[in-house]
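Novice: Dumping the structure here so I can ask a few things about it.
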Amino acid sequence: MFNYLLRRIYLLSITAFILTLLAFTIEHWTVHTQIDDNTFSHYFSYLNSIIKGDFGVSIIDNQPIFNTGLVAFSSTLELCFFAFIIAIIIGMPLGIFAGLDRNNGVDYTIMTIALIGLALPVFWVAIIFTILPHALGITLPIDGNISPIYEIPVVTGLLLIDSLLVTERYQLDAFLNHLTHLILPSTVLALFLTSEIIRLTRHAITMVMKSNYIKAAHTKGLTRWQIVYRHVLKNALPPIIHQIRLQLSTIISFAMAIEIVFSYQGAGMWLFASIHQGDYLVLSAALLIISGFILISSIIIDFILVLISPSKRKSLYADQ
Amino acid sequence: MLINNEFNEQKIQSPLRYIWLIFKSKNIAVVAMWAIITLLMVTLFTPYIMPYSPTLQHPDMLLLPPYWAEGANPAHLLGTDDLGRDTLSRLLKGIQLTLAGALSITLVISMLGLLIGATAALTQGVKASIMHHLLDALLTIPTILTALILIVLFGMSYENSLLAISLSLLPQFIRGIYISIENELNKQHIIALRLDGARNLRLLRFGIFPNILEPLVTLLTRIFTMAILEITTLGFLGFGANANEIELGALISKSLELVYLSPYLVLFPGVAIFLIIIVFNVFAEGVRHAIIEGEE
Amino acid sequence: MRFLPLYISLLLLTACYQTESTLTDSLIYCADKSPTSLNPQISHDIASLDATTHQLYNRLVKIELISKRFVADIATHWVINEDKTRYTFFLRKDINFHHTDYFTPSRPLNADDVIFSFKRMLSKKHPFHFVNGEADNYRYNHPFSSLVQDIIKIDDHTITFLLNKPDATLLANLAAHYGVIHSQEYALQLLKTGHPEKIDYFPIGTGPYQFKQKNKQIIRYQAHKFPWQAPVTINNLIFDITPNSTKRYAKLLSGECDIITNPASSQIKQISKNKSVLLSSQPTGNISLLSFNTKSSPFDKKEVRHALSEAINLDTILDAVFFETAVATNNLLPKHSWAYNPRTKKTTFSPQQSMTKLKVINFDFNKNIRIIAPIKNSIFNPNFYKTAELIQSNWADIGIKSEIILLRESELHNTLLTGDYDIYLTGSSPYIKDPDNLFRPLLSCNANSFEGNSSQWCDETMQNLLDATLLETNFIQRVKNYYQLQEMIQAQRIYLPIAHLLRFDVFNKNISGLLVDPLTGIDFQAVRKVLPINKVKAH
Amino acid sequence: MALLDIRNLSIDIITAQGKIRVIDKANLNIIDGSIHGLVGESGSGKSLIAKAILGLHNENWIVTADRMFLGNIDLSKLSSRARRKIMGTEIAIIFQNPRSYLDPSKKIFDQIREVLPKKSHHKRFFSKVVPKLRASEQQIIKELLHKVGVQNDQAVVQSYPYELSEGICQKVMIAMAIANNPRLLIADEPTTSMEAVTQAQIFRLLYKLNQLHNMTILLLSNNFGSISNLSDYISLIYCGQIVESGSYKQIVNSPMHPYTQAMIKTIIEFDDGVDHKGQLYTLPGSIPPANQLPIGCRLGPRCPKAQRTCVSNPEAVNYKGHIIRCHFPQLDDKKDANTPHNK
């Protein structure tokens, strides 16, 4: 176990090193343009400053870029989190249904839904959602993270928590207001995520259903749902989680596009606004923040996978 | 005495023919195939089938609705925009730009990706390891961020956005190809081929390539889908095409202001994107199934 | 699957939740632009005025919107001497400045504050004259600066304006947006701490609302803690800056905005049909223009200018770009102005006639006309590019080639100063209701192209007429002069006026008491918000 | 007394190229308390028959049978729910590659516990919390494992399948199969790809079960030699057709079908004196692929005795319990049954 940990951290540090190189190159290119003999020492001073969390200061509002970026990105994470919950609640059962009864009506219906969900361009769906107040009279908020009525001081950076910290002033109103602002963007993102999860779940379930131990379970006289509950789910989960891990960056990508349509103050909006105002320093900061997050979370997911799936534990011993 | 090879030679069809046979039996996939052919024709012959020039203004016919709605003019099947330009023509032009862009991206990526992926899978040592780590790092960057970075570095234009999207999708494809080749390499028949003294190229051509068709189709579909989505997203955000190039995403963003007055202008390009992706996915799914069934 | 109903019911539940519009002590005003500063003395764009003039500050006198008469504000009354060169104002004694976390006033408003505020604009020696404005005094370039000779303090609550010459427009100037009164005490405190620039960004005034917080998207005001006027019912006034017009309207409908300004011109028809919102429209002095660069050939010939104007179909532009947010015009002055010359003719759209005229004067049809326009749309024009496209296609119909060049602000500045353009799409917005304020920047030889004279026009007779009219005290003569000036402009066709713009604000039905002055900005003083009827039932 | 009686079982598989009849009118009659060997080459359809008996169909299978009786229950007429009940208690099956038939993510203990005789729900719930109930289960599992010859049961039950050898896994499978004392145990090539010692162990275990617990066993194998000594009755299957069926004695001593004869000849008996460098006996040709089966007698093209009549499907003929499907069987002179007459 310890060896495995070391090995992962070793791999992580190499990837992180490449990322800092990329970020440095980008910053150099966008800001200084000249690459001279001192590039090497420049890089080390750059590395030194980013380790201290100093990414420079925005030319727009003179705020430290790193802080702004972190707060923005944590909003994106909130969005992704909610979308994930919705997607798992809807997508998992549908995927299981489709995977169990392959190639019949239920399967085709569910897979058609999944295909539609994948083929709809998210920013377009987001636009359609923003005209809902006009078309259907739904009064769900379509802009921003929270109503400007509420003044929320930044404490943790996560608005969900920060809005709970001001309960003595607004009771739960601020928190609820933030939640309602999350509904439409996360629903749009969930549309894509759900279809992705349906596909992954269906694929994983089919794979498991084909395996011999499920046949054996049939011969044990277990009912269908007993089999699904006792044998299929636990074995299907690791590949699903693994695939989702690989798609983290795609999901964040889509979340950023959605944010821009809904003016949701997340990483996407932050980048978009900054680039439009010519503040290119944010690019390398965003690269390091987002990729760093994906890197670390993928390692955490790897660990969880090893913990929940015994057959993967083999790799603990097998690998070097 | 009967001849030994009596059965074996009975019309064993070539794998491609067999796949085609199975594919033909899937009605939806065949419909999708015809739709794709139509789309490709539209892309190739856009200038000839457009009823009007996409920039031609009809000042006396502003914001006409499509032909089924009240107050429509049959001369403009899908109506006109706020400058009296024909929506159908603009839509066709947009489909041409977007589809051509996505197809060329897919083509470039598949060639480069196959080359790099195969090289990475078949070589060991430092080269492969550098490759591996670089891919690992690139894969953690969200595609839209990569595209934004590249556009900022190279400047905004349609060609640059295509370049940016290609570069942002390439790592995914390489990784996919790499994994499928790696999986295949561990199989017995490759070892057998190796023992026969096959060189890498022969290994690829006869041992690996025929067996990774299915993941290849899946990967290509995914790349194509993502390419369409990203071209339109960048166009929508205003980073892609410039003012004169009407790509589907840019078409949406330009009509956004008119969404209350003439929602069709926003709806049509979105539906067009949706249909392109659906059609290609259904087709690919058909091909994939045919390949799987053919292998069984 | 079994979670699906749960999710749907959750969605429905939240759909019934109370939107922001149910909080009657908070009001969200969705503006299209961020104010450049919070001081109308230095920022004259309408976004800044909306955010400041009526909200944060008071003036000595103000114009009542309906009767158009001057009424008292900070001054209780005023006395004018016989030859109209001395204006004496008597101030109220109970006016408090804002109490905020960055400033606590120790005394109520007195004559020092008034003199401080006006001297900042008038005297170059004033310590705040150049604050936040670098070296140029272009921002104070309004008639007021040449009008007043001195301001004298009679006692703590009495001041006198001494004028250079007799002038009746002083009251109009004092009632204009830049006549606001700042706190001298606050300014001195800022000087002491070494941050004089804060005066325009962390403002202290006497208005019904006081500044609380501002960032890129949001400005927060709260009610004046010790108001001297009738207290306002809105406790939290929030400016939510939403540049996208489609989204502004959507936010109004979804209850995220109570009032929105400048709805997209294309939405006006839709909005007027919507029964849940009210639309208020006000004529403004703003005009959308096309200016010919008269220094560049062949636009130095008035025949060319006339012919090219006749080839442009202004009605289509009005329909396609402005929809119903503007009125057609052929005059720089709006119809409601007292100097408006009713005899100005409309330019008729006739491409044939234009073509024949051009052929007669041997116009070079191979010339590529460069149309420049700002890349960002402004109050002058909801869509510069679309307008340019329409003009381009009109001209293409008679065989004239043109290219559209969209420029960023800095590039635009340079191009205007170098004069490297043929046609410029722009507009003009006068600060005050005096015609001179409109004509001078557009026509005066002293105004450079960036200040407004984008035609690079300089004509001695016209300049003399302008100067003479400004000093003219006889009202009839002034009117006559301006009539003459308008006829000259028409004959020369220096500018092609495209449309006179209206100002629109849309608000929910539960809002009342909103006043909009197109010149000085929106006024939230009397605004009240009641619970919507369906929400009242629910309570 | 027949425990399992199957008449005219046919299985069709629907593929892209049409319907393929993979099992053609198979008859199987398994006597209670016997070991019945079903021998055929790989792909001949043994496993399909086993699956058909258990009712583990894929969607693209069409299974038809005139009768399929287990004791006096007609399996073909049962609902899938009732059939599943029978599967748990009356029929059990063990497979080749046993490890792949064990859930990789569960410990052996939980997997065996799952098949123990059903308890009421609340008892099962309490067994998780009440140590006494759990202990009783542990005891049962321990006994079961001892029964199949697993010594270090403590270690085994706490292991995941990937930590155990194939032999142990097969023993665990057998333990799970006999946990409910089923009447019929189907062993589907239980020893393929195992070491010889393990193979012998497993066979001995099966034999013991048959002898001590009177358990009926249907033993599927592709190796005539390895199971023939074990079996009381033997059926041979070729390309989905059961060609010959009878008691051990009947088959070994007087094989009538050319295929059986060929099979028996493959058992090399060295004392017979095989020629030095002589060719071993095989039938000419190879097994046809499933989508290109010959019509009529499927052995036809390879059969040394084939004639034109062989293009029609031969009927099964019963000589005193020795059933054979061939137009030209090798009949012993001793047999005086009415010989099927062929021209």
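The values are calculated or read from the model by the stated rules, or taken from the named source; none is laboratory data. Bear in mind the structure is a predicted one, so any value in this text is a computation, not a measurement. Glycine also receives a Cβ, built like all others from the backbone with ideal geometry; neighbour counts cover every protein chain displayed. Just so you know, the surface numbers come from the protein's heavy atoms only, side chains and all, with ligands and any DNA or RNA stripped out. Shrake-Rupley method; radii C 1.70, N 1.55, O 1.52, S 1.80 Å.
Novice: Which whole number gives the average, over all residues in C:260-270, of C-beta atoms from other chains lying within 10 Å of the residue C-beta? Working shown, then result.
Specialist: Working: counts 0, 0, 0, 1, 6, 3, 8, 6, 1, 2, 4.
Rounded to a whole number, the mean comes out at 3.
Novice: Can you tell me the Rg and Dmax of segment C:58-206, counting just the alpha carbons, in angstroms?
Specialist: 15.3, 47
Novice: Please give the residues from segment D:57-104 for which the solvent-accessible area of heavy atoms, probe 1.4 Å, is smaller by at least 10 Å² with all protein chains in place than with the chain isolated.
Specialist: Listed in order, they are D:59, D:84, D:87, D:88, D:93, D:95, D:100, D:101, D:103, D:104.
Novice: Report the local net charge at residue C:347: Lys and Arg +1, Asp and Glu -1, summed over other residues whose C-beta lies under 15 Å from its C-beta. Don't jump to the answer; show the numbers that get you there.
Specialist: Values: positive: C:302, C:305, C:343, C:345, C:346, C:357, C:493; negative: C:303, C:310, C:315, C:487.
Net local charge, residue C:347 excluded: +3.
Novice: Would you calculate a helix-derived [θ] at 222 nm for the protein assembly as shown, using -39,500 (n - 2.57) for each DSSP H run of n ≥ 4 and dividing by the full residue count, to the nearest 500? Walk me through the numbers before you get to the answer.
Specialist: On the way: 54 runs with 703 residues, N = 1498.
Result for the protein assembly as shown: -15000 deg cm²/dmol, rounded to the nearest 500.
Novice: Could you run the Karplus curve 6.51 cos²θ - 1.76 cosθ + 1.60 with θ = phi - 60° over segment C:489-494 and give me ³J(HN,Hα) per residue in whole Hz, x for Gly and Pro?
Specialist: Here the 3J(HN,Hα) series is 4, 5, 5, 7, 6, 6 Hz.
Novice: In Å², rounded to the nearest 100, what is the total accessible surface buried by chains B and A against each other with a 1.4 Å probe? Write down the numbers at each step before the final one.
Specialist: Working: alone 16810 and 17570 Å², together 30490 Å².
Answer for the B-A pair: about 3900 Å² buried.
Novice: Also: Averaging over all projection directions, find the projected area of the Cα convex hull of chain C and quote it in nm² with one decimal place. Intermediate values should be presented prior to the final figure.
Specialist: Numbers: hull surface 119.8 nm².
Average projection, Cα convex hull of chain C: 29.9 nm².
Novice: Now, a different point. On a 0 to 90° scale, report how tilted helix A:105-119 is relative to the longest principal axis of chain A, with both axes built from alpha carbons and the result rounded to the nearest 10.
Specialist: Orientation of helix A:105-119: about 10 degrees from the principal axis.
Novice: Let me ask something else about it. Residue C:427's amide H: which non-local residues (gap 5+, or another chain) put their own amide H closer than 5 Å, with H modeled 1.01 Å from N in plane and none for Pro or chain starts?
Specialist: Amide H neighbours of residue C:427, under 5 Å, 5+ apart: C:289.
Novice: Let me ask another. When you look at the Cβ of every residue in A:11-23, what mean number of other chain Cβ atoms sits within 10 Å? List each step's numbers first, then the result.
Specialist: Values: counts 3, 1, 0, 7, 9, 2, 2, 8, 5, 1, 2, 6, 2.
Mean number of neighbouring Cβ atoms from other chains: 4.
Novice: Further question: Rounded to whole Hz and in sequence order, give me ³J(HN,Hα) for segment C:331-347 from the Karplus expression 6.51 cos²θ - 1.76 cosθ + 1.60, θ = phi - 60°, writing x for Gly and Pro.
Specialist: 9, 5, 7, x, 4, 7, 7, 5, 8, 5, 8, x, 8, 5, 8, 8, 6
Novice: So who's got an amide H within less than 5 Å of the one on residue C:207, skipping anything under 5 residues away but keeping other chains? H placed 1.01 Å off N, in plane.
Specialist: C:57, C:58
Novice: What number, in percent, do you get for the relative contact order of chain C if the mean sequence gap of Cα pairs under 8 Å and at least 6 apart is divided by its residue count? Walk me through the numbers before you get to the answer.
Specialist: Numbers: 1031 pairs, mean separation 104.8, N = 539.
Normalised by residue count, the contact order of chain C is 19 percent.
Novice: Follow-up. Amide H to amide H, which residues 5 or more places from residue C:213 or on other chains are under 5 Å from it, using H placed in the peptide plane?
Specialist: C:220
Novice: Then there is this: How big, on average over all directions, is the shadow cast by the Cα convex hull of chain A, in nm²? Present the calculation step by step, with values, prior to reporting the outcome.
Specialist: Working: hull surface 87.0 nm².
For chain A, averaging the hull's shadow over all directions gives 21.8 nm².
Novice: Can you check what the Kirkwood hydrodynamic radius comes to for segment B:89-295, Cα pairs only, in Å to one decimal? Present the calculation step by step, with values, prior to reporting the outcome.
Specialist: Working: mean 1/r = 0.0537 Å⁻¹.
It works out to 18.6 Å.
Novice: How about segment B:155-232: which trypsin sites (Lys or Arg not before Pro) there are in a DSSP loop, with at most 13 other Cβ atoms within 10 Å of their Cβ? Let's see the in-between values first.
Specialist: On the way: sites: B:175, B:187, B:194, B:199, B:202, B:205, B:222; in loops: B:187, B:199.
Qualifying residues, ordered by number: B:187, B:199.
Novice: Give me a single rounded figure for B:277-289: the average over its residues of other chain Cβ atoms within 10 Å of their Cβ. List each step's numbers first, then the result.
Specialist: Details: counts 6, 6, 1, 1, 4, 3, 0, 0, 2, 0, 0, 0, 1.
That average works out to 2.
Novice: Looking only at the protein assembly as shown, where both bridge partners belong to it, what percent of the DSSP beta bridges are antiparallel (to the nearest 5)?
Specialist: Values: 93 of 129 bridges.
Percentage antiparallel, nearest 5: 70.
Novice: Also, I was wondering about something else. Note the buried accessible area between D and A here, summed over both chains, with a 1.4 Å probe, in Å² to the nearest 100.
Specialist: Numbers: alone 18280 and 17570 Å², together 33730 Å².
Between D and A, the summed buried area is about 2100 Å².
Novice: Over segment B:89-295, calculate the relative contact order: mean separation of alpha carbon pairs under 8 Å at least 6 apart, over the residue count, as a percent.
Specialist: Details: 214 pairs, mean separation 57.7, N = 207.
Over segment B:89-295, the number comes to 28 percent.
Novice: Taking the Cα centre as origin and putting +1 on Lys and Arg beta-carbons and -1 on Asp and Glu beta-carbons, what dipole magnitude results for segment B:89-295, to the nearest 20 debye?
Specialist: Values: 12 positive and 13 negative charges, 74 e Å.
With only Lys, Arg, Asp and Glu charged at Cβ, the dipole is about 360 debye.
Novice: Taking a ≥ b ≥ c as the square roots of the Cα gyration tensor eigenvalues, with a/c under 1.5 meaning rounded and otherwise prolate when a/b beats b/c, else oblate, which class fits segment A:1-98? Intermediate values should be presented prior to the final figure.
Specialist: Values: a/c = 2.82, a/b = 1.62, b/c = 1.74.
The shape class here is oblate.
Novice: Given a 1.4 Å probe, how much area per residue of the protein assembly as shown is accessible, in Å²?
Specialist: 44
Novice: Determine ³J(HN,Hα), in whole Hz, for all residues of segment D:91-107 in sequence, where each value follows from phi through the Karplus function 6.51 cos²θ - 1.76 cosθ + 1.60 and θ = phi - 60°; x replaces Gly and Pro.
Specialist: Each residue of segment D:91-107 in turn: 10, 10, 9, 10, 10, 7, 6, x, 5, 6, 8, 9, 5, x, 9, 10, 6 Hz.
Novice: Beyond 22 Å between alpha-carbons counts as too far, so tell me which of D:46/D:142; D:142/D:208; C:359/C:401; B:93/B:254; C:345/C:376 fall in that bin.
Specialist: Numbers: D:46/D:142 33 Å; D:142/D:208 19 Å; C:359/C:401 15 Å; B:93/B:254 15 Å; C:345/C:376 32 Å.
Flagged as over cut-off: D:46/D:142; C:345/C:376.
Novice: Roughly to the nearest percent, how much of the accessible area of segment C:322-408 is carbon and sulfur, given a 1.4 Å probe?
Specialist: Details: 2390 of 4360 Å².
With neighbouring chains kept in place, the figure for segment C:322-408 is 55 percent.
Novice: Using protein heavy atoms only (no ligands, DNA or RNA), what is the total accessible area buried between C and A, 1.4 Å probe, nearest 100 Å²? All intermediate terms of the calculation are to be shown ahead of the outcome.
Specialist: On the way: alone 24650 and 17570 Å², together 39610 Å².
Using a 1.4 Å probe on protein heavy atoms, the buried area is about 2600 Å².
Novice: State the extension gain, in nm to one decimal, for the chain segment bounded by residue C:488 and residue C:361, taking 0.36 nm per residue of separation less the distance between their alpha-carbons.
Specialist: Details: separation 127, 0.36 × 127 = 45.72 nm, distance 2.16 nm.
Going from the current span to full extension adds 43.6 nm.
Novice: List the relative contact order of segment A:53-280 as a percent without decimals, with contacts defined as Cα pairs under 8 Å and 6+ residues apart. Don't jump to the answer; show the numbers that get you there.
Specialist: Numbers: 269 pairs, mean separation 74.9, N = 228.
Rounded, it is 33 percent for segment A:53-280.
Novice: Highest GNM mean-square fluctuation, chain A, Cα pairs closer than 10 Å: which of A:120, A:248, A:222?
Specialist: Most flexible of the set in this elastic network: A:222.
Novice: If you don't mind, another one. At a 1.4 Å probe radius, carbon and sulfur cover how many percent of the accessible area of chain A? Don't skip to the answer; put the middle values down first.
Specialist: Working: 8940 of 13350 Å².
Carbon plus sulfur share of accessible area: 67 percent.
Novice: In addition: What's log10 of I(q)/I(0) for the protein assembly as shown at q = 0.04, 0.05 Å⁻¹, Debye sum over Cα points only, no solvent?
Specialist: -0.39, -0.57
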